[in-house]
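**Q** Here you go, one structure.
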Amino acid sequence: MRTLNLGILAHVDAGKTSLTERLLFAAGVIDEIGRVDDGSTQTDTLALERQRGITIKAAVASFALDDLTVNLIDTPGHPDFIAEVDRALGVLDGAVLVVSAVEGVQSQTRVLMRALRRLRLPALIFVNKIDRAGAACEPVLRSITARLTPAVVPMGTVTGPGTRDAGFLPYDTADAGLAVRLADLLAEHDDALLAAYVDDQTTLSCGRLRAELTAQTRAALVHPVFFGSAVTGAGVAALTAGIREFLPAGAGDAQAPPSGAVFKVDRGPAGERIAYVRMFAGTVRVRDRLPLTAGPPGGAQPGGAQRVTGMSVFERGSMVRCESVSAGQIATLRGLSQARIGDMIGVPRACDVRQFSPPALETVVVPARRADRGALLAALTQLAEQDPLINLRQDDVRQEISVSLYGEVQKEVIAATLAQEFGLAVEFRQTTTICIERPVASGAAVERIGEPGNPFLATVGLRVDPAAAGSGVRFGLDIELGALPLAFLRAVEETVHVTLRQGLRGWQVTDSTVTLTHSGYYPRQSHAHARFDKSMSSTATDFRGLTPLVVMAALNQAGTRVHEPVQRFHLELPADTTGGVLAALARLRAVPQTTETSGLSGTIEGSIRAARVRELEQELPALTRGEGVLECVFGHYEPAGHPPPSRPRADHNPLNRAEYVRHVTR
Ligand SMILES: Nc1nc2c(ncn2[C@@H]2O[C@H](COP(=O)(O)OP(=O)(O)OP(=O)(O)O)[C@@H](O)[C@H]2O)c(=O)[nH]1
Ligand SMILES: [Mg+2]
């Protein structure tokens, strides 16, 4: 049986969960349609999702279309939960991008469409809510063309928009209007079709156009547009047929060595870890031992090899236990107790890096009762398994716990989850922007074995050099290969990365190359008697202990500059409010680059420091009569003003040698 892993993506509230429900109902998987507003849907299952009526976690539900199993992945639309969408994007074969017929193309719709096009992921567009008052199908189609992509083709017409009886009439395959539109659109990417079209438009058969539409949709070159209502069910049959006709089933060789990706982690009733895995190649069976490797940067740490003790696949609305899972399928695997989101199982495969920027904010979480600190750390550790981007950090020195965030709603959700699932009341300190440090020059340091002041049985010399923006931290060697045993080399490399999480002002150091320039150790058998003497033989612990001192000394010599995140913004507003908004942007030190007006509406594009975005969001409704729509995406880092913000170090600072050595050798 073939499988299609299908993401449902949209701006918040466009109707993804309602559409998922409706598709399951249409396929006969459920007898009654649950409602988001009643908290009774298949995919909004968390207590918090049901209470708030918003999706927080991506969820999987499945239905069958003849010989095709469709795994629907309902995703959250709120930008604070974009990380969930990111994780889902990596395992999809196709997507339905939902646009509300009333609200039209919204900021998140554009962000998602850009990601879909970057990934060349085949996508249909579903214009939902045609039954709601204010539904405006033609204008929405125009705005899709203007603001998402011109490579779209409507697959039918809407009757009675804005009424409960609104319906969708799919074009007949022989419809002359559709044929002309298709020929126009498809000829752009197909020279043979173009030649035939120029020669004689009438010779292009409907069958050929339809086949070409399927081919170009599967190649993510064009996007068929359907209309309907998740609430009344209008247009859903046509959408289902479109999913079957235009989207590709997952491909992959079931005989190849197994390779898959963990895109979601849950806990079972007994607290056991459940990994949601999409298989790209090969077959995994219960009792197989699988190597786990870390996914893209910012993802998980390697977890070693682990045995699969059980698995289930999604089948017609429920989970069904099975013995094996093959290329193209999604399954939940038990037994992988170390699996973390982003891990690859089996053969690691080149995967796309993250589509969206990491969280730009952070906050300190404080338990209401001091005695709950240990319980809070354990609870947040469990939450971090399901969402590694919260990047849980604990401060050894001040005993504080902090998390990274996308926004205030995510903060509320974390607080509510801690209260409901763990019985923990927490408060948050003020939310602050996450900065980075970049070295401004080169710096070097060396600590030699046996020299006074070096309590470690190791020689380590390192040079820190600035590198191109966005290049991260790279580790290189300027010593002879083999001069240092691999275990020691690894210890140095890992410790360099860990140490650079906090630079001279406490921020992550990035965009630099760190080169090992000196190394030395005492071999294991150092005595004449050839017996192991711990005091005379270097261990990896010596290298782990010494490296932070050398890294920080080299970094101190290089010097660093703190950079803060700057977002690119796109703002739509009534043209007559442009003046007031520009004044506010100036006050917030935003830089408008282009300002355009067209009739009654206008757009402003530019850049703004991430730290000021929230103020802009708060001021915008009053400045634009509630009509301003702001879209922000990460742009770049810029040097922070003076004095640059600093973050207290979470560990014993290796720049303070005496205190550091006392702590490490304790
Ligand atoms: N009239 C009408 N209302 C709809 C339709 N689809 C969804 N809604 C309503 O719109 C609201 C949001 O629907 P959801 O299905 O939760 O939207 P969502 O995209 O899943 O929202 P998030 O997951 O929070 O981003 C709910 O009140 C739905 O009842 C539709 O086709 N017609
Ligand atoms: Mg939803």
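**Q** Out of curiosity, is Thr75 among the hydroxyl-bearing types (Ser, Thr, Tyr) and modelled with pLDDT under 95? Give the steps one after another, and end with the answer.
**A** On the way: among the hydroxyl-bearing types (Ser, Thr, Tyr): yes; modelled with pLDDT under 95: no.
Here the answer is no, as Thr75 does not meet what is asked.
**Q** Sticking with this structure for a sec: Which condition does Arg22 not pass, out of (1) within 11 Å of ligand 1 (Cβ to nearest atom); (2) surrounded by fewer than 21 Cβ atoms within 10 Å (Cβ to Cβ); (3) of a type in the set (Lys, Arg), if it passes all the others?
**A** Evaluating Arg22 over (1) within 11 Å of ligand 1 (Cβ to nearest atom); (2) surrounded by fewer than 21 Cβ atoms within 10 Å (Cβ to Cβ); (3) of a type in the set (Lys, Arg) leaves (2) as the failure.
**Q** Would you check if Ala146 is within 14 Å of ligand 1 (Cβ to nearest atom) and among the small types (Gly, Ala, Ser)? Steps first, please.
**A** On the way: within 14 Å of ligand 1 (Cβ to nearest atom): no; among the small types (Gly, Ala, Ser): yes.
Judged against the criteria, Ala146 is not a match.
**Q** Run down Glu493, Glu427, Glu451 and say which single residue is surrounded by fewer than 19 Cβ atoms within 10 Å (Cβ to Cβ) and either more than 30 Å from Ile401 (Cα to Cα) or of a type in the set (Phe, Trp, Tyr) (or both).
**A** On the way: Glu493 fails: either more than 30 Å from Ile401 (Cα to Cα) or of a type in the set (Phe, Trp, Tyr) (or both); Glu427 fails: either more than 30 Å from Ile401 (Cα to Cα) or of a type in the set (Phe, Trp, Tyr) (or both).
After ruling out the rest, the residue left standing is Glu451.
**Q** I'd like the full set of residues that are out of contact with any Ser or Thr (no Cβ under 8 Å at 6 or more places or on another chain) and exposed (fewer than 15 other Cβ atoms within 10 Å of the Cβ), limited to the stretch 257-274. Break it down stepwise before answering.
**A** Residues of the stretch 257-274 out of contact with any Ser or Thr (no Cβ under 8 Å at 6 or more places or on another chain): 257, 259-265, 267-271.
Hits for the stretch 257-274 are Pro257, Arg267, Gly268, Pro269, Ala270, Gly271.
Listed here are the residues, each with its yes/no results for (1) closer than 21 Å to Arg501 by Cα; (2) surrounded by 17 or more Cβ atoms within 10 Å (Cβ to Cβ).
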residue	(1), (2)
Leu573	no, yes
Thr578	no, yes
Leu585	no, yes
Gly599	no, no
Leu623	no, yes
Phe634	yes, no
Ala640	yes, yes
Pro654	yes, yes
Arg666	no, no
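**Q** Taking Thr109 as the residue in question, decide whether it is within 14 Å of ligand 1 (Cβ to nearest atom), within 30 Å of Ser404 (Cα to Cα), over 18 Å from the mean Cα position of the chain (by Cα) and crowded, with 19+ Cβ neighbours inside 10 Å.
**A** Values: within 14 Å of ligand 1 (Cβ to nearest atom): yes; within 30 Å of Ser404 (Cα to Cα): yes; over 18 Å from the mean Cα position of the chain (by Cα): no; crowded, with 19+ Cβ neighbours inside 10 Å: yes.
The answer is no for Thr109.
**Q** Continuing with this model, one more query. Can you tell me which residues in the stretch 292-345 are of a type in the set (Asp, Glu) and at pLDDT 90 or above?
**A** Answer for the stretch 292-345, where residues must be of a type in the set (Asp, Glu) and at pLDDT 90 or above: just Glu323.
**Q** I'd like the full set of residues that are closer than 30 Å to Phe25 by Cβ and surrounded by fewer than 19 Cβ atoms within 10 Å (Cβ to Cβ), limited to the stretch 314-323.
**A** Glu315, Arg316, Gly317, Ser318, Met319, Val320, Arg321, Cys322
**Q** While we're looking at this one, here's another question. For the stretch 75-94, which residues satisfy the criterion of being more than 18 Å from Gln329 (Cβ to Cβ) and within 13 Å of ligand 1 (Cβ to nearest atom)?
**A** Within the stretch 75-94, Thr75, Pro76, Gly77, His78, Pro79, Asp80, Phe81, Ile82, Glu84, Val85 meet the criteria.
**Q** Spot the failing condition for Phe63; the list is (1) more than 11 Å from ligand 1 (Cβ to nearest atom); (2) under 21 Å from Phe314 (Cβ atoms); (3) under 23 Å from the mean Cα position of the chain (by Cα), and only one is missed.
**A** (3)
**Q** Which number in (1) at pLDDT 95 or above; (2) out of contact with any helix residue (DSSP H, G or I) (no Cβ under 8 Å at 6 or more places or on another chain); (3) among the small types (Gly, Ala, Ser) marks the one condition that Ala425 misses?
**A** Failing condition for Ala425: (2).
The values are calculated or read from the model by the stated rules, or taken from the named source; none is laboratory data. Every value quoted in this text rests on a predicted model; they were computed, and no experiment measured them. Don't worry about glycine lacking a Cβ; one is built from the backbone with ideal geometry, like all the others, and counts go over all protein chains shown.
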